[in-house]
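I have placed the structure first, in the form of structure tokens, so that the comments after it can refer back to it.
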Amino acid sequence: MQKLFVFVTLAAAMLTSFGYTRAQDRASASLAGIVSSDAEGPMEGVLVSAKGLGSTIAVTVVSDGQGRYSFPADRLEPGKHSLSIRAVGYELNDPGLVEVVAKKSVMLDLKLNQTQDLASQLSNTEWLLSVPGSEQQKRQLYTCVSCHSLSTILQSRFDARGFVSILERMRNHTPGSMIVKLGDRLIPYEPVKMADHEPGRAGDAAFAEYLASINLSKDGKRNYEFKTLPRPKGKATKVIITQYDLPSPFNMPHDAAVDREGMVWYTDFARPRMGRLNPRTGGVTEWSLPVVRPGFPEGSVEMDIDSEGNPWIGRLFQGGVAKFDKKTEKVTAWGVPEDLLAGGVNVRTGMVSVSRDGTIWTKSNQNEKLYKLDTETNQWSSSPLPKRMNWYGMAVSSVGNVYVFSIGKGAVGELDVNAGKKEFVVYPTPTPNSGSRRGAVDLQDRVWFAEFYSGKIGMFDPKTKAIREWDASTEPYAGSYDVVPDKNGEAWAGGMHSDRIYRVNSTSDQVTGYLLPSLGTNIRRMDVDNSTTPVAVWIGENHQAKILKLEPLD
């Protein structure tokens, strides 16, 4: 995104002929115009963002088939706004700061120039499309985005020897790490190393050779051309996106969850913190979480909200769960007893799900156990999960049945708590090794989940015990991380690699991919606010220290 800082007055803007100055347009928009370039003329699918000076809120719209962009009159506060765009291959020709005036409309055309630095604009999906290599090599590269984008690797000049030591170092830092850009500086933010050290692996040398063959270590040159994705078109341009800055550039909002009052709660992947965003004001409040296992990484992953509106947090390496009481603003932590947690010093309890009866569930994919907390007695119990499946996300149905997803193999596991023997049954996905990851249960108790490696989403029907799959993304290597069904029967998935939110119509199989304003969003868990029409989708921008709201206009 290119930041712009020059004044444009309303009078000067209105004197120019834009071909987009109808009275009804001026009445309904605070800022509007046409986006064009010499290479293409009017351009569809350009993201145009406006952010008031000193504000923590940015609003983004997308140009339509005639190149027209328009900010609704109620979305921009009066005052000076900086503009930025996202359109791969292009940069904005500096139009300056725009003065938004109450009850008036500024008409401003935007001119784009072709970029001289395409590499700085590529998403992780576009890097994976561009680099040469086998599918096995690209799959290894595919997993290198938890802490940083692929640009960090592919813009570097490390040789194979240097990469060998880097691979070992990266493997021994918590996943809740990232690289923060402050001005022109890149600052590694690595809160805590893993509790036990993992040495190099047998395949590190070969992978290091591959990385050195596709970065800039060979005379600063690449032997491949960049491949970019098409800009949004048609339905994908009919959207408004709002981004809310969090207090610190080191915030890592992993999960975002909206409550009945419209407040948005989030976990922090790196720090022992949780927060609440008030979308009506942009105000953010954060609270500390207790550290129950000193010396272990302190971040959190999943959040679920109970029937009273209280957030519950999966504490990952802290080995337990925490509850935030909205009335008292107090946090209570429950650590899984060490005898039940046994399975290695880096055992994680990242996920948390709340049953309607108040039972709390969490799990560990390291020791492959499912944990149950009885909140009335404060007693924990555990049950084993099938081995070597790498069980990741989880969800609970309205009748209390527990579902877990195998990212290691591609499967849905069902624990029927109402069965006499509390049976746990595994249902493989139709696509082998799909990488089922995170999901949610809809109003019909059907279980939806993302398939991280196949790029699909799946739906398990507990009545028929059958799994149906849909192509979730419109491009390969999207990295479907999570999926949430809405009240209309549509499903929403986040592309961790592609910076896109995908809308899947399960009846027509139509997929709409909404491009997001920030490069390297690193989407994790998402949530849908069903109280609005159309629905609104919320995510945490894990690597951008922002909370994002996406509102489709249809």
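Every number in this text was worked out from the coordinates using simple rules, so none of it is lab data. These numbers were taken from a predicted model, which means no experiment stands behind them. Here Cβ is always computed from backbone atoms with ideal geometry, including for glycine, and neighbour counts include all displayed protein chains.
What to note about this one:
- Ranking of Leu53, Leu154 by count of other Cβ atoms within 10 Å, fewest first: Leu53, Leu154
- Gyration tensor verdict on region 115-268 (Cα atoms; rounded if a/c is under 1.5, prolate if a/b is larger than b/c, oblate otherwise): oblate
- Across the cross-link table entries Lys323/Lys369; Lys103/Lys235; Lys323/Lys372, which are compared at the Cα atoms, the separations over 23 Å belong to Lys103/Lys235.
- Shown for Trp287, Trp127: other C-beta atoms within 10 Å of each C-beta, ranked fewest to most, produce the order Trp287, Trp127.
- 3J(HN,Hα) along region 395-404, derived from phi through the Karplus expression 6.51 cos²θ - 1.76 cosθ + 1.60 where θ = phi - 60°, amounts to 7, 10, 7, 5, 9, x, 6, 9, 10, 10 Hz, with x in place of Gly and Pro.
- For Lys227, the lysines whose Cα comes closer than 23 Å to its Cα, not counting residues fewer than 8 places off in the same chain, are Lys138, Lys218, Lys456.
- Computed from backbone phi, the HN-Hα couplings of region 435-444 come to x, 4, 10, 10, x, 7, 9, 8, 5, 9 Hz, rounded to whole numbers (Karplus: 6.51 cos²θ - 1.76 cosθ + 1.60, θ = phi - 60°; Gly and Pro given as x).
- Amide H within-cut-off set for Gln544, under 5 Å, with H built and near neighbours excluded: none
- Restriction of the GluC sites (Glu not before Pro) in region 151-259 to DSSP coil positions whose beta-carbon has at most 16 other beta-carbons within 10 angstrom yields Glu225.
- Measuring against 29 Å, Cα to Cα, the residue pairs Lys181/Lys409; Lys104/Lys487; Lys51/Lys330; Lys327/Lys465; Lys330/Lys363 contain Lys181/Lys409; Lys104/Lys487; Lys51/Lys330; Lys327/Lys465 as the ones spanning a longer distance.
- Per-pair calculated FRET efficiency, R0 = 25 Å: Phe250 and Arg280 via Cβ, rounded to 0.05: 0.45
- Rounded to the nearest 500, the helix-only mean residue ellipticity at 222 nm of the chain stands at -2500 deg cm²/dmol, with each DSSP H run of n ≥ 4 adding -39,500 (n - 2.57).
- Gain upon complete extension [Glu135, Ala342; 0.36 nm per residue less C-alpha separation]: 70.9 nm
- When you filter the trypsin sites (Lys or Arg not before Pro) in region 30-122 for DSSP loop state and at most 13 other Cβ atoms inside 10 Å of their Cβ, you are left with Lys103.
- Amide H contacts under 5 Å for Asp255, placed H, 5+ residues apart: Thr267
- Distant-in-sequence amide H partners of Arg438 (H built 1.01 Å from N, under 5 Å): Ala450, Val483
- Here the extension length gained between Thr464 and Ser28 equals 152.0 nm, from 0.36 nm per residue of separation less the Cα-Cα distance.
- Two-site FRET efficiency, Ser165 against Asp117, from Cβ-Cβ distance with R₀ of 30 Å, rounded to 0.05: 0.55
- Likely footprinting exposure, Leu415, Leu516, Leu182, fewest C-beta neighbours within 10 Å first: Leu182, Leu415, Leu516
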